[in-house]
1. Among what's in the range 111-136 and is out of contact with any Asp or Glu (no Cβ under 7 Å at 6 or more places or on another chain), β-branched (Val, Ile, Thr) and in a strand (DSSP E or B), pick the residue that is surrounded by the fewest Cβ atoms within 10 Å (Cβ to Cβ).
2. With respect to SER108, is the statement that it is surrounded by fewer than 12 Cβ atoms within 10 Å (Cβ to Cβ) and of a type outside the set (A, V, I, L, M, F, W, C) true?
3. Looking at the structure I just gave you, is VAL130 in contact with a strand residue (DSSP E or B) (Cβ under 6 Å, 6 or more places away or on another chain), farther than 30 Å from VAL32 by Cβ and at pLDDT 90 or above?
4. Considering only strands (runs of 3 or more DSSP E) fully contained in the range 18-109, which possess at least 1 residues that are touching a residue at least 24 places away in the same chain (Cβ under 8 Å) and either in contact with a Lys or Arg (Cβ under 6 Å, 6 or more places away or on another chain) or of a type in the set (Val, Ile, Thr) (or both)?
5. Out of all the residues in the range 1-17, which are touching a residue at least 24 places away in the same chain (Cβ under 8 Å) and not aliphatic (A, V, I, L, M)?
6. Conditions: (1) in contact with a Gly (Cβ under 8 Å, 6 or more places away or on another chain); (2) under 28 Å from SER108 (Cα atoms). PHE48 meets all but one. Number of the miss?
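The values are calculated or read from the model by the stated rules, or taken from the named source; none is laboratory data. Owing to the predicted nature of the structure, the values given are computational and were not obtained by experimental measurement. Every residue, glycine as well, gets a Cβ built from its backbone with ideal geometry; the counts of neighbours run over all protein chains shown.
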Amino acid sequence: MQLDFAMLALNADHTANGKLHIFGGGFDILSVPEVPAQVPPFNLVARFICEPDELKAEHRLNLAITKPDGVRTSITTDQLLQFSENKLDVTQPTTGMAILTLVVQFKSFGKYAFDIGVDNQILKTIPLNVTQLVQN
């Protein structure tokens with residue numbers, strides 16, 4: 001199992017014909033006027049590559065957040081990832097998409113990190129710096 005790409009986005013949608021629509025994707029800084037800050041929901045978007053021999057097993061998505069104080073908290077565990085055979089060639093890898101809606105309250109300014117894992121193995125960490133919004 002490989003993670004092809006992952007990013008934070010303001011909004012994302014995956015259509016039935018395989019197209020991924022991302023609005024406001026790829027940010028790593030979030031500026032808020034004060035903390036604690038309850039920001040609008042946003043998405044974590046990830047595309048996974050699954051080899052044909054991995055299709056028989058169930059694969060579970062794990063997501064955790066590490067806060068500036070170093071405390072790591074699980075956001076979701078054991079969410080089943082769905083894969084189907086490559087329709088063009090069953091001997092080739094196939095892809096699966098995960099779009100998670102995140103509702104997070106940021107209690108302090110600083111560096112946060114989202115750890116994305118499959119089957120309890122971290123595949124990628126996405127940083128997010130929460131900074132104070134500067135009023136002009």
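1. If we take residues in the range 111-136 being out of contact with any Asp or Glu (no Cβ under 7 Å at 6 or more places or on another chain), β-branched (Val, Ile, Thr) and in a strand (DSSP E or B), then THR131 is surrounded by the fewest Cβ atoms within 10 Å (Cβ to Cβ).
2. Working: surrounded by fewer than 12 Cβ atoms within 10 Å (Cβ to Cβ): no; of a type outside the set (A, V, I, L, M, F, W, C): yes.
For SER108, the condition - surrounded by fewer than 12 Cβ atoms within 10 Å (Cβ to Cβ) and of a type outside the set (A, V, I, L, M, F, W, C) - is not met.
3. No.
4. 29-32, 42-50, 59-66, 72-81, 94-102
5. Residues of the range 1-17 that are touching a residue at least 24 places away in the same chain (Cβ under 8 Å), as a first pass: 1-14.
Correct list: GLN2, ASP4, PHE5, ASN11, ASP13, HIS14.
6. (2)
For every residue, the table says whether it meets (1) at pLDDT below 85; (2) not aliphatic (A, V, I, L, M).
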{"position": "ARG47", "(1), (2)": "no, yes"}
{"position": "GLU54", "(1), (2)": "no, yes"}
{"position": "ALA64", "(1), (2)": "no, no"}
{"position": "GLU85", "(1), (2)": "yes, yes"}
{"position": "VAL104", "(1), (2)": "no, no"}
{"position": "VAL118", "(1), (2)": "no, no"}
